[in-house]
Amino acid sequence: MSDILSEQEQVRREKLARLRQAGLDPYPDRSQRSHTIAQALQLFEAGDLAEDEVLALVGRLKTVRVMGKSSFAHIEDGSGRVQIYLRRDEVGPRLFEVFTKLLDIGDFVGVQGPMFRTRTGEVTLRVRQIALLSKALHPLPDKWHGLKDVETRYRQRYLDLIANPEVRQVFVTRAGIVSSLRRYLDDHGFLEVETPILQPIYGGAAARPFLTHHQQLHQDLYLRISDELYLKRLIIGGFERVYEIGRDFRNEGVSFKHNPEFTQLEFYEAYADYHDVMRRVEEMIVFVADEVLGGRQLVYEGHEIDLSPPWRRLPLRQAILDATGIDYEDHPDAPSLAAVMREKLRMQPDPKSSRGRLIDSLLGTHVEPDLIQPTFITDYPREISPLAKASPDRPGVVERFEYFIGGMEMGNAFSELNDPIDQLERFKEQGRALEAGDEEAHPLDEDYVRALSYGMPPTGGFGTGVDRLTMLFTNKESIREVILFPHLRSKE
């Protein structure tokens, strides 16, 4: 933090000193509040306030206009903004002098007095008492230009929230999405649980983990990349419907739709398969949209999107064939598929990529951007889905889907693999991929295999990113806009 103060900061420090010299505490221990600003305005408009009834309001000074022996100002709390009116002969010379000479835009104040309507029609509080609640030593961003610099907005989110009220609404919407997801699942018999964030073996997704160390136990631990394997242990233990909304961590690149720390909802339902999960996802997302947006239509990145079910269901093989002209079933190994990708699409795939990774790159590059309306892409290669149940009639294919809206992958689901012998073999395959240099391959979790050996009923599982759902519902193109404190590069 720089010790060099701007001229405005120096002036505010001088006012702080003068307040203390006058015996006024610029940071008092207590404040008085009878109503929020929104409540006060509502009561006044409804005619529910007695004549000359005194209200105690609090808020940040946003505007000040001194007119000789009187002054108009606006204060703002978390619920709204109201005008206040001070007269020197009503508050007294000392408080009026303090207000006009020693307070600044950005200071928090408490005011008391009755409400009235000015000749211009604005509902206003006539101040009889005013108290400083907190002195702001930094000036707020210029009211005409606001805070526009993206880097500053993300690094100093508190300033962004002060200067740009519409940003606050994004996070109100985000909170509503989380509450609505929770309400839907609670109402449908799911139990909310908590599983470990620090894990001795990470798992449940294809991702590189963060590593940490427990000093007392002399044990390396990983920040979880998914909740999946612990939630399925609970299905094995006898819970039939469980979910968790929590933070996951993936040690991967930062992009407009990736942040190393993100919020994910995962749920698992016994006696369900991926077809059942598709129907539940449609129903759940529509429920959230109805509650949070008031309807099933939204606009994202200029596209009008209708969330009304049923959503399109499209097999991955067909989706890639339609988009690229490549039928990956005609290319049974990675070199063959890579060659046709170079020839037909001018792609330069990583020579170390497995066939499954190449198929996934075709999906991400040539299919995903065009999946604007809600779509389930189904039936994925076995080698990139080590936790999904095999299709009974299609060798090498598993019962898995991802759902896409607005050109983004929004979530992932399986008919969960519950054969412990098959699961062990899948883990061994992934182990060989790890040894070959695939940092996102799934490690062997012997305890999870042991748990499966006690029997897990047929189960459908699902995970979706809360951040991306918020992007969609608030029409934001970057994940940083919907995370209060996104990860940024260190500032030298």
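Observations
- Among the residues here, VAL170 does not qualify as closer than 30 Å to TYR448 by Cβ and in contact with a Ser or Thr (Cβ under 9 Å, 6 or more places away or on another chain).
- For first residues located in segment 351-376 and free of Cβ contacts under 8 Å to residues at least 12 places away in the same chain, partners that are open to solvent by less than 50 Å² (accessible area, probe 1.4 Å) and in a loop (DSSP other than H, G, I, E, B) and lie 6+ apart or on another chain with Cβ distances below 8 Å do not occur.
- Tally, over segment 156-181, of residues that are open to solvent by less than 70 Å² (accessible area, probe 1.4 Å) and basic (Lys, Arg): 2
Listed here are the residues, each with its yes/no results for (1) open to solvent by 60 Å² or more (accessible area, probe 1.4 Å); (2) part of a helix (DSSP H, G or I); (3) on the phi < 0 side of the Ramachandran plot.
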{"residue": "PRO28", "(1), (2), (3)": "no, no, yes"}
{"residue": "ARG33", "(1), (2), (3)": "yes, no, yes"}
{"residue": "PHE44", "(1), (2), (3)": "no, yes, yes"}
{"residue": "LEU57", "(1), (2), (3)": "no, no, yes"}
{"residue": "ARG60", "(1), (2), (3)": "no, no, yes"}
{"residue": "ARG65", "(1), (2), (3)": "yes, no, yes"}
{"residue": "ALA73", "(1), (2), (3)": "no, no, yes"}
{"residue": "TYR85", "(1), (2), (3)": "no, no, yes"}
{"residue": "PHE96", "(1), (2), (3)": "no, yes, yes"}
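- The set of residues from segment 330-352 being part of a helix (DSSP H, G or I) and either open to solvent by 90 Å² or more (accessible area, probe 1.4 Å) or under 17 Å from HIS366 (Cβ atoms) (or both) comprises ASP330, PRO335, LEU337, ALA338, ALA339, VAL340, MET341, ARG342, GLU343, LYS344, LEU345.
- Here TYR158 meets the list (1) assigned to a helix (DSSP H, G or I); (2) in contact with a helix residue (DSSP H, G or I) (Cβ under 6 Å, 6 or more places away or on another chain); (3) closer than 18 Å to GLU76 by Cα almost entirely, failing just condition (2).
- Residue match in segment 138-146 (condition: open to solvent by 70 Å² or more (accessible area, probe 1.4 Å), out of contact with any Asp or Glu (no Cβ under 9 Å at 6 or more places or on another chain) and under 23 Å from ALA17 (Cβ atoms)): no
- Failed item in (1) in a helix (DSSP H, G or I); (2) modelled with pLDDT of 95 or more; (3) open to solvent by 60 Å² or more (accessible area, probe 1.4 Å), with ARG313 passing the rest: (1)
- Close pairs (8 angstrom Cβ cut-off, 6 or more residues apart or separate chains): over 18 Å from TYR274 (Cα atoms) in segment 448-465, among the aromatic types (Phe, Trp, Tyr) and open to solvent by less than 10 Å² (accessible area, probe 1.4 Å) anywhere: VAL449/PHE427
- Any hit, segment 409-422, residues being closer than 18 Å to GLU329 by Cβ, in contact with a strand residue (DSSP E or B) (Cβ under 6 Å, 6 or more places away or on another chain) and open to solvent by less than 40 Å² (accessible area, probe 1.4 Å): no
- Exactly one residue among ARG126, ARG119 is free of Cβ contacts under 8 Å to residues at least 60 places away in the same chain, touching a Gly at 6+ places or on another chain (Cβ under 6 Å) and open to solvent by 40 Å² or more (accessible area, probe 1.4 Å), and that residue is ARG126.
The values are calculated or read from the model by the stated rules, or taken from the named source; none is laboratory data. Here the structure is a predicted model, which means the values were calculated and not measured. Reconstructed Cβ throughout: ideal geometry from the backbone, glycine too, with neighbour counts over all protein chains shown. Protein only, heavy atoms only, side chains kept; ligands, DNA and RNA dropped before computing areas. Shrake-Rupley method; radii C 1.70, N 1.55, O 1.52, S 1.80 Å.
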